[in-house]
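Have a look at the structure below, then the notes.
Laboratory data are not the source of any read-out in this text; all were calculated from the coordinates shown. These numbers were taken from a predicted model, which means no experiment stands behind them. A quick note on method: Cβ atoms are made from the backbone with ideal geometry, for glycine too, and the neighbour counts reach across all protein chains shown.
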């Protein structure tokens with residue numbers, strides 16, 4: 001059985017929980033308090049961060065790698081495109097999410113006031129750029145829910161918490177976010193600490 005060591009408020013762990021619940025398979029989640037990490041976390045992940053996935057003698061960290069492994073092991077429903085060109089495109093999007101959006105989370109969560117404000121601006125601008133996509137399609141890659149939707153959902157859930165206000169032009173993105181939040185796997189994947197993040 002797969003075991004996920006998951007930070008109770010960690011957006012990257014949140015991604016992996018969503019995938020596990022989307023797959024509806026047998027798994028165990030070990031909640032990790034990010035302010036009081038167990039000693040064995042540093043043994044499993046040299047960066048001493050969540051999430052970490054353990055299955056028999058395989059230990060994986062980094063949410064996108066974990067999620068792609070789960071997707072390959074349990075292909076229904078498939079969350080990464082099967083076509084090599086589309087899969088490469090999806091991976092490029094995931095890379096850009098990390099670089100353009102998620103790389104600023106640390107500054108928002110624990111930077112100085114000035115760093116946090118700059119980081120909020122970067123994330124806000126990045127999300128505004130994406131918003132027009134949802135005038136034409138339901139999800140990131142078209143009409144089907146995919147790994148790209150999984151990847152961005154935890155950030156959209158935390159906008160209030162992070163103090164990121166989006167302008168009216170981002171309305172299509174917010175409608176899309178509500179679609180993601182209404183999925184049963186998304187709801188099941190929320191920890192009690194995450195449930196209270198949105199007003």
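Worth a mention:
- Normalised by the number of residues in region 84-183, the mean separation of alpha-carbon contacts (under 8 Å, six or more apart) gives a relative contact order of 29 percent.
- Measuring between their Cα centroids, region 36-99 and region 109-187 lie 20 Å from each other.
- Using C-alpha pairs under 8 Å with a sequence gap of at least 6, the mean separation divided by the residue count of the chain gives a relative contact order of 23 percent.
- Ordering 152, 164 by the number of other Cβ atoms within 10 Å of each residue's own Cβ, fewest first, gives 164, 152.
- Neighbour counting of Cβ atoms within 10 Å sorts the residues 146, 182, fewest neighbours leading, into 182, 146.
- Over the chain: helical MRE at 222 nm, DSSP H runs n ≥ 4 each giving -39500 (n - 2.57), nearest 500: -16000 deg cm²/dmol
- Neighbour-count ranking [beta-carbon atoms within 10 angstrom, fewest first] of 79, 155: 155, 79
- For region 86-102, backbone nitrogen atoms closer than 15 Å to the point 7 Å from residue 144 Cα along Cα-to-C-beta are found at 86-91.
- Sites residue 193 and residue 118 - FRET efficiency at Förster radius 25 Å, r taken between beta-carbons, to 0.05: 0.45
- Extension gain, residue 44 to residue 86: 0.36 nm times the residue separation minus the Cα-Cα distance gives 11.9 nm.
- Tensor-based shape of region 1-98 (alpha-carbon gyration tensor, a/c under 1.5 rounded, otherwise prolate or oblate): prolate
- Annotation: the antiparallel percentage among DSSP beta bridges lying fully within the chain is about 55.
- Shape category assigned to region 121-189 from the gyration tensor of Cα positions, a/c cut at 1.5: oblate
- Sites residue 65 and residue 171 - FRET efficiency at Förster radius 25 Å, r taken between beta-carbons, to 0.05: 0.15
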